[in-house]
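To start, the structure under review is shown below, and the notes come after it.
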Amino acid sequence: MFDQETLNKYKAVFDNHPLIHITISMDRKIKSINKNGAKELGYNVDELVGSDLSKLFIAQEEQRLVKQIQYVLLDPSKQSSHEMKMLRKNGQEFWVRETIYISEDDDTLQEIFFVCDNITYQKNAEANAKNLAQSLQNMLDASPLGVLVYRLDEDDELCHVFYPNEEMVVQYKYEELTNLLSLSYALSVHKVQGMEYDTVVMVMSFSHLIMLNTKLLYTAITRAKGHCYIIGESAAFEASCKRLEHTNRHTVMQEL
């Protein structure tokens with residue numbers, strides 16, 4: 001037997017434990033709950049003792065609760081753990097990871113224990129991450145020109161990406177890039193002769209005036225198997241279309 005001082009210490013630990021600890025009888029009536037758990041739910045301990053467990057969970061979870069209790073009753077050596085939504089006194093819902101187990105006394109089932117950990121923050125973080133990923137994917141899908149990586153921070157392992165359609169810059173950690181960006185190469189038209197790519201982005205500029213002709217334009221466009229995007233100065237593109245490239249061949253084939 002424990003002396004009163006030891007019992008008081010154990011009760012203080014129980015009442016102030018950060019998780020919600022609930023003990024129920026076989027008819028699902030609450031026998032005890034720690035003070036911190038009751039506070040989390042917006043109640044005083046006395047308001048909950050004797051009430052039905054179902055009042056602490058949203059209505060949609062009642063059938064799941066019944067099945068979980070039946071599961072541990074069939075085999076008291078096992079525990080049941082699930083993510084569920086609990087209900088505060090003010091009607092606010094929040095996520096918990098609850099674990100149910102049974103206490104046995106002389107082979108007679110006496111009590112059922114619930115331990116609930118508030119995981120609302122984690123669930124919200126997961127939802128936000130999923131929404132962000134979907135939002136980024138939507139921007140990628142909506143951008144016909146793809147995206148532009150314009151700066152890499154090696155020290156912080158950050159990649160700064162510009163989305164032309166959205167006119168915004170987004171920072172990514174290196175480990176996030178694998179699922180979001182595709183590797184591209186900057187190559188000259190001469191370099192890619194004889195090759196093909198799913199997507200080609202071609203830059204037109206008067207800074208390459210000597211290269212603006214139909215021959216190289218045709219070569220560049222036909223490198224694309226699926227999509228070819230031409231960006232830059234529209235006048236440079238028009239000049240390329242108008243300038244026919246004639247190659248003068250010098251040979252002595254006729255004399256041979």
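The values are calculated or read from the model by the stated rules, or taken from the named source; none is laboratory data. Just so we're clear, the structure is a prediction, and the values are computed from it rather than from any experiment. Here the Cβ is made from the backbone with ideal geometry for all residues, glycine too, and neighbour counts use every protein chain on show. With ligands, DNA and RNA removed, areas are computed over all heavy atoms of the protein, side chains included. Shrake-Rupley method; radii C 1.70, N 1.55, O 1.52, S 1.80 Å.
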Please list, in chain and number order, the residues 5+ apart from ILE119 or on another chain whose amide H is under 5 Å from its amide H, with Hs placed from the backbone.
TRP95, VAL96, ARG97
Phi angles of the range 85-91, converted by Karplus (6.51 cos²θ - 1.76 cosθ + 1.60, θ = phi - 60°) into ³J(HN,Hα) in whole Hz with x for Gly and Pro, give 10, 9, 10, 7, 4, 7, x
If you roll a 1.4 Å probe over the range 55-125 with all protein chains in place, what percent of the accessible area is carbon or sulfur?
45
Diffing the range 36-48: the Karplus 3J(HN,Hα) column from phi (6.51, -1.76, 1.60, θ = phi - 60°), in whole Hz with x for Gly and Pro, holds 5, x, 4, 4, 4, 8, x, 10, 8, 4, 4, 5, 9
So for the range 1-130, using the alpha carbon gyration tensor with a ≥ b ≥ c as root eigenvalues (a/c under 1.5 gives rounded; past that, a/b versus b/c decides prolate or oblate), I'd call it oblate
Mind ordering 155-161, 219-225 by average Cβ neighbours within 10 Å, highest first?
219-225, 155-161
Accessible area in square angstrom per residue, the range 9-73, 1.4 angstrom probe:
56
Sorted by chain and number, the residues with a modelled amide H under 5 Å from that of GLN110, at a separation of 5 or more or across chains, are SER103, ASP105
What figure in square angstrom, to the nearest 10, would you give for the accessible area of LEU244 with a 1.4 Å probe?
110
Nonlocal amide H pairs with ASN34, under 5 Å, H built at 1.01 Å:
HIS21
